[in-house]
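> Just dropping this structure here.
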Amino acid sequence: MNETVFTRTDERLGEFALRPLDPAADAALVHGWVTHPKASFWMMQDADVAEVAQAYREITEHPHHDAFIGLWDGHPAFLAERYDPARVELVGLYTPRHGDVGMHFLCAPADTPVHGFTRAVLTTVMAWLFADPATRRVVVEPDIRNTAVHTLNAAVGFEALRTISKPEKDALLSICTRDRFLHATGPAATRGVTA
């Protein structure tokens with residue numbers, strides 16, 4: 001279950017990788033991330049370890065949703081989720097196209113923030129999604145109040161389309177094509193990639 005499915009070498013920060021999340025083995029680790037005050041937009045602030053394990057068990061067992069632990073130089077450092085937005089999260093809220101992939105990401109809390117780390121994580125997640133030739137667009141729906149992630153999304157090529165109302169939040173529907181991603185990030189984004 002801990003087999004790496006993707007690696008990318010960032011010119012400044014080193015190696016990033018993704019491996020499938022194991023709900024039982026990773027629950028305590030992920031619990032610390034999703035309940036941290038900086039993860040308020042993840043909406044799991046009051047969850048206990050068992051509830052986190054159950055939530056990720058449901059994701060990993062879902063046919064159209066999966067979760068991954070992101071590694072930085074071999075150490076767990078972020079969380080990534082991939083989903084089919086035509087079947088999960090955005091059903092009835094936008095017009096899906098063939099090749100659309102939904103994404104969530106969350107960086108682990110850090111005692112000492114590293115400049116550019118979150119952008120390197122997002123670039124890695126996007127490079128991973130676009131490493132699949134079937135992926136044509138990445139679709140996200142962050143909370144409308146999460147201005148920091150809107151700025152990051154724009155930096156890697158996302159175009160904000162409109163506000164949508166979901167049961168749990170008002171979200172900024174945003175889409176990034178492969179061309180927009182490559183134009184925004186340049187060739188360095190996909191250099192040193194192993195999928």
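Laboratory data are not the source of any read-out in this text; all were calculated from the coordinates shown. These figures come from a predicted structure and were not determined experimentally. Using ideal geometry, Cβ is built from the backbone for each residue, glycine included, and neighbour counts are taken over all protein chains shown.
> Indicate the gyration tensor shape class of segment 84-195 (rounded, prolate or oblate), computed on the Cα atoms with a ≥ b ≥ c the square roots of the eigenvalues: a/c under 1.5 is rounded; otherwise a/b larger than b/c is prolate and the rest oblate.
oblate
> Related question: Can you tell me, using C-alpha contacts under 8 Å and at least 6 residues apart, the relative contact order of the chain as a whole percent?
Relative contact order comes out at 20 percent.
> Still on this model: FRET efficiency for His64 and Asp170, Cβ-Cβ distance as r, R0 = 22 Å, nearest 0.05?
Computed FRET efficiency for His64 and Asp170 comes out at 0.40.
> Another question, then. ³J(HN,Hα) across segment 100-105 via Karplus (A = 6.51, B = -1.76, C = 1.60, θ = phi - 60°), whole Hz, x for Gly/Pro?
Listing the rounded values in order: 6, 10, x, 8, 10, 9 Hz.
> Now a separate question. How would you rank 160-170, 39-49, highest first, on the average number of other Cβ atoms within 10 Å across their residues?
Those peptides, ordered most packed to least, come out 39-49, 160-170.
> Please give the per residue volume of the convex hull enclosing the alpha carbon atoms of the chain, rounded to a whole number of Å³.
Dividing the Cα hull volume of the chain by its residues yields 117 Å³.
> Under a point spin-label approximation (7 Å from Cα along Cα-to-Cβ), what is the Arg57-Arg12 distance to one decimal in nm?
4.2 nm
> Roughly speaking, what is the stretch gain from Val193 to Val88, that is 0.36 nm per residue apart minus the C-alpha to C-alpha distance, in nm to one decimal?
In short, 35.0 nm is gained.
> Quick one: if you stick a label point 7 Å off each Cα along the C-beta vector at Thr147 and Arg162, how many nm between them?
Reported label-point gap for Thr147 and Arg162 is 2.4 nm.
> Sticking with this one: Distance in nm between label sites at His98 and Ala155, each 7 Å beyond Cα in the beta-carbon direction?
Computed distance between label sites His98 and Ala155 equals 3.5 nm.
> Quick one: net charge of Met43's neighbours, Cβ under 10 Å, K/R +1, D/E -1?
So the surrounding residues net to -2.
> Hey, can you grab everything whose amide H is under 5 Å from the amide H of Lys166? Only 5+ residues off in sequence or another chain; H modelled, so Pro and N-termini drop out.
Ala171
> I've got another one for you. Using the Karplus curve 6.51 cos²θ - 1.76 cosθ + 1.60 with θ = phi - 60°, work out ³J(HN,Hα) for each residue of segment 74-88 in order, rounded to whole Hz, and write x for Gly and Pro.
Couplings: x, 10, x, 9, 7, 10, 9, 10, 10, 8, 8, x, 6, 10, 9 Hz.
> If you take the beta carbon distance between Asp132 and Val49 as r and set R0 to 22 Å, what does 1/(1 + (r/R0)^6) give as a FRET efficiency, to the nearest 0.05?
The computed FRET efficiency comes out at 0.10.
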